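No value in this document is a laboratory result; all are computed from the given coordinates. These numbers come from a predicted model, not from an experiment. Counting neighbours? That spans all protein chains shown, and the Cβs are built from the backbone with ideal geometry, glycine included.
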Amino acid sequence: MFGIIPSTDVSAKLIGLLPIPAMVVRAKDGAILVEATNTACREAGLANANDQQVPRHPLLDAIGARIGAFVESDRLNEDFPLQFGSSVECRHFRVAMARLSRNAEGRCVVTFVDQTAELRTEDNLRREMLTDSLTGLPNRAGFSERTEQLLEAAAPGFRYAILMVNLDRFSRVNACLGSMSGDELLITVARRLKGILRANDVLARTGGDEFAIFLAVEEGGNDVAHVTKRISSALATPFRLSGYEICVSCSIGVAFGARRVDDPEDLIRHAQFSVKRSKSSGHAEAYQPQAFDIAREQFGMETALRRAIDRGQLRLNYQPIYDLASGRLVSFEALARWRGEDGVEHLPSAFIPVAEESGLIVPLGRWAIREAVRTLAGWDAQFGGDCGVKIAVNLSAIQLQRDGIAPLLQSALIAHNLPGSRFTLELTESALVTDPDRIAGIMHALKGLGTTIAMDDFGTGYSNLAYLQKLPIDILKIDRSFVTGMLVDRDKVAIVRAILSLSQALGMQTTAEGIETNELAQTLAALGCTYGQGFAYAKPLEVDDAYALLESRRH
């Protein structure tokens, strides 16, 4: 049986015959003979006589050798794909051959299934899946596939680089000018980037405002440096969008690789990681393994910290604060401490930034406030009344933005029957910069509870004297960077004098951090500083040791 499935006019014109629904093919003396078996064959001009050789058939001619080999073998059936025609009008068939019976002399049934439309549709869908519809460039999947193809064809030792280009102000363009202008910008950027690359380089759009480039590099960093300069120059010319001239800068991350050594997918991630460093530095950044290792460690620390907060495995240490004039213990600053399940003590300078970046600072801050209130209430109970000290708790800028600090503190105070005047809340200048009006409202709400407000690390952030005048700030804390080594640094002495004069003019008190010697404490007291804390007095103490110190001052 020989048939074209489906039997279309196009198929008929291609093979030069009318559609033939039934035909038996026979191999004899090295020739392929057709035995017509029904009316359709006679209408096609073919006789019904056995062993009559018909005019040469293009499809049969293309597979004649395979038919001969099949009928001479012991196989009962066989199927295989067949491409027929020129590259422009190539058609795709699925050919199936089946033996009529074991006793049939060289006879078999051959069926051709035309799969051209199906395969062309599949190719079109695949092309769409691998192409960015806006720019016409490869998308993320298309970039990965093209990269793998180039590496497969490359010689051993082939070196390359992957660049990730991220537009810095794209979100602002979208927000101010609309998505249509944003799309126009992306198309123009794609066109400019394409214009500066070599023919064998690959450019793709892998995200909203992110482009990826595959470069073959012969001179390593020099080649990449040359390309990054050309990218910056190409984007330096202003873009005309909606009647505006918009200047767009970019951040570029680079990862270098070699064939059969590095996984392209890993290099893409490494280049994306380097983009973040590029945004901070303002120039192209190459991937540094140690930076990636640090980031990975931070993710591990985030997971462990979340578990520690959920399981109540953190604790507070308390560093005493003294009145410099009288030497009296007046307060303790509560400081978070964390010992991991492996017994390793994690430094606050390591886990607090991780907590802030991940948002864990909110539950951590909530716990710190409640724990400090509970601790002070416990000290009062042991002391037999008011133990005579305050506790200072640090507030993060993120915590102030995302959490209701005043209701939280009020609830904790009511639960333990303590007045707000027993607590000092410390916040940094950076907290004021984020949302001054909202933070001012929170500060006034905290003052309404009777708390003391201290500005921590004063002079190291975005000092705005207008804030000091308008906000209900009671204490300025002089950062340890100004206090440490002050006795041998005249500039530091001048800064400390200026802060003390400012606080006195505004009717505020001051606390000096980082006092490490009695001589330094005496000097600060002589200059008019109100309070002091540091290793000259005590390191941060465990809760029982802090109460023991408090008890020793009782007598």
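A convex hull fitted around the alpha carbon atoms of the chain yields 275 Å³ per residue.
To the nearest ten degrees, helix 543-552 and the longest principal axis of the Cα atoms of the chain are 10 degrees apart. Along the chain, the longest continuous region that contains none of the GluC sites (Glu not before Pro) in a DSSP loop with at most 14 other C-beta atoms within 10 Å is 342-541.
When the Cα atoms of the range 130-287 are aligned to their principal axes, the ranges along those axes come out at 51, 32, 24 Å in descending order.
Roughly what percent of Cα-Cα pairs across the range 129-193 reach past 13 Å?
Details: 1508 of 2080 pairs.
Roughly 72 percent, rounded to a whole number.
Converting phi to 3J(HN,Hα) with the Karplus coefficients 6.51, -1.76 and 1.60 and the offset θ = phi - 60°, the range 437-451 yields 5, 5, 5, 4, x, 5, 5, 5, 5, 5, 4, x, 7, x, 6 Hz in sequence order, with x at every glycine or proline. Between the residues Leu185, Gln509, Leu241, the greatest Cα displacement towards the positive end of the dipole of the chain, with unit charges on the Cβ of Lys, Arg, Asp and Glu, is found for Leu241. Straight-line cross-link partners of Lys492 among the lysines, defined as a Cα under 18 Å from its Cα and at least 8 positions apart when in the same chain: Lys477.
Between the range 214-238 and the range 506-555, how far is it from one alpha carbon centroid to the other, in angstrom? Taking the Cα centre of the range 506-555 as reference, the centre of the range 214-238 is 56 Å away.
Taking the centroid of alpha carbons for each part, the range 95-145 and the range 384-458 are 69 Å apart.
For the chain, the longest principal axis of the alpha carbon atoms and the long axis of helix 116-129 meet at an angle near 10°.
What's the angle, to the nearest 10 degrees (0 to 90), between helix 264-281's Cα axis and the longest principal axis of the chain? That helix lies at roughly 40 degrees to the long axis. Amide hydrogen proximity for Lys390: with H placed 1.01 Å from N in the peptide plane, the residues at 5 or more positions away or on another chain lying under 5 Å are Ser331, Phe332. Compute the Cα gyration tensor for the range 415-496, then decide on rounded, prolate or oblate, letting a ≥ b ≥ c be the square roots of its eigenvalues: rounded whenever a/c is under 1.5, prolate when a/b is larger than b/c in the other cases, and oblate in all that remain. Oblate.
As a test of the formula, what do you get for the chain when each DSSP H run with n ≥ 4 contributes -39,500 (n - 2.57) and the sum is divided by the residue count, at 222 nm and rounded to the nearest 500 deg cm²/dmol? List each step's numbers first, then the result.
Values: 21 runs with 254 residues, N = 555.
Taken over the chain, the calculation gives -14000 deg cm²/dmol.
For Ser249, nonlocal amide neighbours, meaning residues 5 or more places apart or on other chains whose placed amide H falls under 5 Å from its own, are Asp168, Arg169.
Lys and Arg at +1, Asp and Glu at -1: add these up for the other residues within a Cβ distance under 14 Å of Phe535 and post the number.
Here the charged neighbours net out to -2.
Annotation: average projected area of the range 298-548 is 13.6 square nanometres, based on the convex hull of Cα atoms across all directions.
Given Ile414, Leu471, Ala526, which one lies farthest toward the positive end of the charge dipole of the range 298-548, if we put +1 on the Cβ of every Lys and Arg and -1 on the Cβ of every Asp and Glu? Positive-most Cα among the choices belongs to Ile414.
List, in the order given, every pair from Lys390/Lys539; Lys194/Lys276; Lys229/Lys276; Lys279/Lys539 whose Cα-Cα distance in the structure shown is over 27 Å. Could you put the intermediate results ahead of the total?
On the way: Lys390/Lys539 17 Å; Lys194/Lys276 24 Å; Lys229/Lys276 19 Å; Lys279/Lys539 38 Å.
Check vs 27 Å cut-off fails for Lys279/Lys539.
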